[in-house]
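Shown next, in structure tokens, is the structure this report addresses.
The values are calculated or read from the model by the stated rules, or taken from the named source; none is laboratory data. For clarity, every value in this text was computed on a predicted model and none was experimentally measured. All Cβ positions, glycine included, derive from the backbone under ideal geometry; neighbour counts span all protein chains shown.
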Amino acid sequence: MWHRVRPLLLVFPLCAGCNAIVSPSEEQCAADADCTARGFENAVCSESVCVEAEEIDPVWACLGSVTEPEPDPTKTVSFPIGLVYAIGGAPISSDAVIDVCDKLDVNCTGDDPKYPKGINPGADGVVQVEVPEGFDGFVRITDPGIVDSRVYVGRPLIEPPTVEQIQLLKPMEYTGLASLAMSEADPTRGSMIALAIDCNREAVSGVSFDVPSADDVAVPFYLINQAPVLPPNAIATDKDGFGGYFNLLPGGPVVKAFRAADDAYIGESSFQILANTISYVLVGPTPL
């Protein structure tokens with residue numbers, strides 16, 4: 001959107017949503033430099049009138065114009081993932097098993113070498129993952145000490161994700177979080193924790209989530225200061241960017257993200273819900 005600079009005498013609208021106070025017989029400019037010479041900072045010449053661009057918050061500057069580059073399947077994307085316990089932050093046991101899975105391989109049984117299986121983290125809980133460029137799947141994490149977990153990358157990977165650490169829950173911690181949200185973890189259902197990221201691929205506040213397929217048993221929540229808070233007491237993410245749903249039915253839902261201030265669409269991600277499993281989903285700006 002553009003705002004016209006107001007230097008002269010008469011209201012003379014020249015475009016939808018723009019106002020200028022100019023004489024209809026006077027041209028303000030012939031080039032952008034004319035606007036600068038007249039003292040209009042950050043203005044450009046449009047239809048002989050100096051107009052000043054509305055300041056755009058870089059956090060959301062990409063909305064409405066998101067594009068995704070074409071991946072090169074001959075290339076790979078390599079990145080580390082640090083696996084830690086959500087409470088205390090200690091590294092996950094080196095006995096944990098990490099499997100890289102194609103998105104359509106719901107049961108993660110494929111044997112394609114592009115999606116390695118049976119990886120163990122180091123003593124520091126870090127595992128190095130390498131996937132084909134354009135990977136749009138998930139990483140499955142299993143260990144006796146945690147609730148079975150799946151981490152979905154959200155959109156096809158062209159470059160390494162900015163998220164470098166996954167905080168995983170022990171069964172008792174998961175039960176405790178559910179009880180704080182006035183819910184009870186149903187072992188026949190699963191849960192989703194979403195992370196909202198902005199145009200700079202950083203965690204962001206002020207984002208609301210919606211899973212259209214969620215039924216009346218599913219419980220939406222936001223992690224505010226790392227504790228679950230239910231609507232209407234929380235309707236959007238805090239600076240850490242987390243929210244989700246307890247007790248979603250098994251299946252293939254979609255989570256949608258919106259800017260809570262004006263309900264502007266941000267993006268969406270598809271994922272799978274399995275019984276007694278937590279799905280972690282990255283949700284950022286996506287093409288319209």
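Please indicate, with yes or no, whether at least one residue in segment 97-115 is part of a loop (DSSP other than H, G, I, E, B), crowded, with 21+ Cβ neighbours inside 10 Å and out of contact with any Cys (no Cβ under 7 Å at 6 or more places or on another chain). There is no residue in segment 97-115 that is part of a loop (DSSP other than H, G, I, E, B), crowded, with 21+ Cβ neighbours inside 10 Å and out of contact with any Cys (no Cβ under 7 Å at 6 or more places or on another chain). Check whether at least one residue in segment 208-219 is of a type in the set (Val, Ile, Thr) and within 25 Å of Phe79 (Cβ to Cβ), and report yes or no. Looking for residues that are of a type in the set (Val, Ile, Thr) and within 25 Å of Phe79 (Cβ to Cβ), one finds none in segment 208-219, hence no.
Of all residues in segment 262-288, those being farther than 15 Å from Gly137 by Cα, surrounded by fewer than 16 Cβ atoms within 10 Å (Cβ to Cβ) and modelled with pLDDT of 95 or more number 5. Sub-9 Å Cβ pairs linking a first residue in segment 114-133 that is farther than 14 Å from Phe79 by Cβ to a second residue that is among the basic types (Lys, Arg) and modelled with pLDDT of 95 or more, at least 6 apart or interchain, are Lys117/Arg140, ordered by first then second residue. Working only within segment 211-233, note down all residues that are surrounded by fewer than 17 Cβ atoms within 10 Å (Cβ to Cβ), out of contact with any Asp or Glu (no Cβ under 9 Å at 6 or more places or on another chain) and over 17 Å from Thr277 (Cβ atoms). Across segment 211-233, the qualifying residues are Pro212, Asp215, Asp216, Ala227, Leu230, Pro231, Pro232, Asn233.
Where strands (runs of 3 or more DSSP E) sit wholly within segment 198-288, those with at least 1 residues that are in the same structural domain as Tyr174 (by TED's automatic domain parsing), under 26 Å from Ile146 (Cβ atoms) and under 18 Å from the mean Cα position of the chain (by Cα) occupy 207-210, 219-224, 242-248, 254-259, 264-270, 277-283. Output yes when any residue across segment 49-72 is over 26 Å from Gly267 (Cβ atoms), without any contact (Cβ under 8 Å) to a residue 40 or more places away in the chain and either within 34 Å of the chain's Cα centre (by Cα) or in a loop (DSSP other than H, G, I, E, B) (or both), and no when none is. Taking every residue of segment 49-72 in turn, none turns out to be over 26 Å from Gly267 (Cβ atoms), without any contact (Cβ under 8 Å) to a residue 40 or more places away in the chain and either within 34 Å of the chain's Cα centre (by Cα) or in a loop (DSSP other than H, G, I, E, B) (or both).
Consider Asp136 carefully, then state whether it is surrounded by fewer than 19 Cβ atoms within 10 Å (Cβ to Cβ) and at pLDDT 95 or above. No, not satisfied.
Considering only residues that are in contact with a strand residue (DSSP E or B) (Cβ under 6 Å, 6 or more places away or on another chain) and surrounded by fewer than 23 Cβ atoms within 10 Å (Cβ to Cβ), which ones fall in segment 182-192? Steps first, please.
So the first thing to find is which residues in segment 182-192 are in contact with a strand residue (DSSP E or B) (Cβ under 6 Å, 6 or more places away or on another chain), and the list is 183, 186, 189-192.
Of everything in segment 182-192, those that are in contact with a strand residue (DSSP E or B) (Cβ under 6 Å, 6 or more places away or on another chain) and surrounded by fewer than 23 Cβ atoms within 10 Å (Cβ to Cβ) turn out to be Ser183, Asp186, Arg189.
Of everything listed in (1) of a type outside the set (Gly, Ala, Ser); (2) more than 19 Å from Gly190 (Cα to Cα); (3) in a loop (DSSP other than H, G, I, E, B), the single unmet condition for Gln128 is (3).
Checked across segment 77-89, the condition of being loosely packed, with under 15 Cβ neighbours inside 10 Å, out of contact with any strand residue (DSSP E or B) (no Cβ under 9 Å at 6 or more places or on another chain), modelled with pLDDT under 95 and in the same structural domain as Val254 (by TED's automatic domain parsing) holds for at least one residue. Taken over segment 20-45, the criterion of being surrounded by fewer than 18 Cβ atoms within 10 Å (Cβ to Cβ), of a type in the set (Gly, Ala, Ser) and either assigned to a loop (DSSP other than H, G, I, E, B) or at pLDDT below 85 (or both) is satisfied by Ser23, Ser25, Ala30, Ala31, Gly39. Filtering segment 102-130 to residues that are closer than 25 Å to Gly251 by Cα and of a type in the set (A, V, I, L, M, F, W, C) leaves Leu104, Val106, Cys108. Considering only residues in segment 142-157 that are closer than 15 Å to Asp105 by Cα and of a type in the set (A, V, I, L, M, F, W, C), the one that is modelled with the lowest pLDDT turns out to be Val153.
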